[in-house]
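Read the structure below first, then the notes.
The values are calculated or read from the model by the stated rules, or taken from the named source; none is laboratory data. As the structure is a computational prediction, the values presented were derived from the model and not from experiment. Ligands, DNA and RNA are excluded from the accessible area calculation, which covers all protein heavy atoms including side chains. Shrake-Rupley method; radii C 1.70, N 1.55, O 1.52, S 1.80 Å.
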Amino acid sequence: MNVTQLIETLNANKFMRSDEEVMSFDFALAELALHRNSEYLPALYLVFDDRCEQHEVMYGLIHFLESFELKNQLQAFIDSIDKMIVNAKEWTMILLYGILNQDLARSLYSQMLHSTHSPNRDLCTHLLREIVANESPPLSSHAESVISGATAIDINIDEIQRDLSSFIKLIQDGNILVLLQDDRPIAEIKPIK
């Protein structure tokens with residue numbers, strides 16, 4: 001079977017309502033491990049479905065995704081989250097909790113959300129706000145830190161000198177400013193809470 005057929009097999013058996021579906025799912029996942037390619041990561045994220053009856057088997061897919069380079073995993077997650085959340089909100093949140101609970105993943109996710117032009121950025125920050133509202137620390141504080149980094153506004157020092165009052169207003173409105181000198185971040189200014 002080729003990679004497309006293996007992903008189709010995962011999708012056809014993702015509810016895992018019988019032993020045959022579980023075995024077919026496991027077999028396809030094992031075969032995919034022999035043909036690792038980050039190009040099909042977004043399609044793999046779309047295999048998740050909250051109607052799956054064998055969660056422990058679906059965790060095998062999470063472990064497989066974690067075997068890819070972190071940046072590729074996170075980019076595929078961002079790119080596919082709008083489609084993924086339709087049938088897999090619980091799995092989306094499980095994956096997001098995993099990102100938040102790992103220092104490197106959390107930091108990189110924040111940076112990637114900050115720099116992305118993906119239309120999914122707002123959805124990602126909305127889900128993080130749900131975590132802030134519904135979870136306790138440290139998860140809620142991790143989500144807050146990602147939101148802060150993702151929504152920070154890059155400002156060149158020359159721009160601030162030209163219009164200081166506008167930037168003070170941005171800070172008063174709750175925005176975080178990242179000061180740039182020669183396109184390099186040199187400082188962060190954030191409101192006092």
**Message:** As I understand it, the value is the acute angle between the Cα axis of helix 89-100 and the longest principal axis of the Cα atoms of the chain; what does it come to in degrees, rounded to 10?
**Reply:** 60 degrees
**Request:** Using amide H atoms built 1.01 Å from N in the peptide plane, name the residues 5+ places from Ile153, or on other chains, whose amide H lies under 5 Å from its own.
**Result:** Ile176, Leu177, Val178
**Asked** For the chain, which whole-number percentage of the solvent-accessible area (1.4 Å probe, protein heavy atoms only) is attributable to carbon and sulfur atoms?
**Response** 51 percent
**Item:** Cα principal axis extents for region 1-104, largest first, Å
**Value:** 38, 27, 21
**Item:** Residue order for Val86, Val3, Val57 - accessible surface, 1.4 angstrom probe, largest first
**Value:** Val86, Val3, Val57
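Rounded to two decimals, what is Rg over Rh for region 83-156 when you use alpha-carbon atoms and the Kirkwood radius? Write out the running numbers ahead of the final one.
Details: Rg = 12.0 Å, Rh = 12.5 Å.
For region 83-156, the value is 0.96.
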**Prompt:** In µm²/s, what is D for region 71-125 at 4 °C and 1.567 mPa s, where D = kT/(6 pi eta Rh) by Stokes-Einstein and Rh is the Kirkwood radius from Cα pairs?
**Reply:** 115 µm²/s
**Prompt:** How much of Ser18 can a 1.4 Å solvent probe reach, expressed as accessible area in Å² and rounded to 10?
**Reply:** 40 Å²
**Item:** Descending semi-axes in whole angstrom, ellipsoid equivalent of the chain, from the Cα gyration tensor
**Value:** 39, 17, 12
**Asked** Taking the alpha carbon gyration tensor of region 38-86, what are the square roots of 5 times its eigenvalues, largest first, to the nearest whole Å?
**Response** 18, 14, 7
**Request:** Quick one: accessible surface of Phe27, probe radius 1.4 Å, all protein chains present, in square angstrom to the nearest 10.
**Result:** 110 Å²
**Asked** Can you list the lysines whose alpha carbon is less than 23 Å from that of Lys169, not counting same-chain residues fewer than 8 positions off?
**Response** Lys190, Lys193
**Message:** Please compute the volume of the convex hull spanned by the alpha-carbon atoms of region 118-193 and report it per residue in Å³.
**Reply:** 109 Å³
